[in-house]
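Report on the following structure.
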Amino acid sequence: TMVDGEIVKSGSYPTNEEFFRLFGVSLDTIKPAIKVNVNKCCCGPKGCC
C-alpha cells in the first residue's frame with residue numbers, strides 16, 4: 001500500500017485502524033452518534049407484544 005509515493009504496508013491489506021492513522025483521521029468520525037439497544041422490549045411493563 002502506498003501513500004504519497006511511500007510504501008506504508010506490504011504483504012497484507014491495511015486494517016481500518018491503519019487507514020485512519022495513515023490519513024490522520026480519528027476513528028470517532030465513524031462511530032454512531034446514537035446507540036440503540038435491540039435487546040430491550042418497550043411495549044409495556046408486561047413485556048413484548
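What full-extension length gain, to one decimal in nm, is calculated for E17 and K35 as 0.36 nm per residue of separation minus the Cα-Cα distance? Could the numbers behind the result be given before it?
On the way: separation 18, 0.36 × 18 = 6.48 nm, distance 2.12 nm.
Contour length minus the Cα-Cα distance gives 4.4 nm.
For G24, what charge total do you get from the other residues with a beta carbon under 15 Å from its beta carbon, if Lys and Arg give +1 and Asp and Glu give -1?
Computed value for this residue: -4.
Values quoted throughout were computed directly from the atomic coordinates according to the rules given, and no laboratory measurement underlies them. In this text, all values refer to a predicted model and were calculated from it rather than measured experimentally. In this analysis, Cβ positions are derived from the backbone assuming ideal geometry, glycine residues included, and neighbour counts consider all displayed protein chains.
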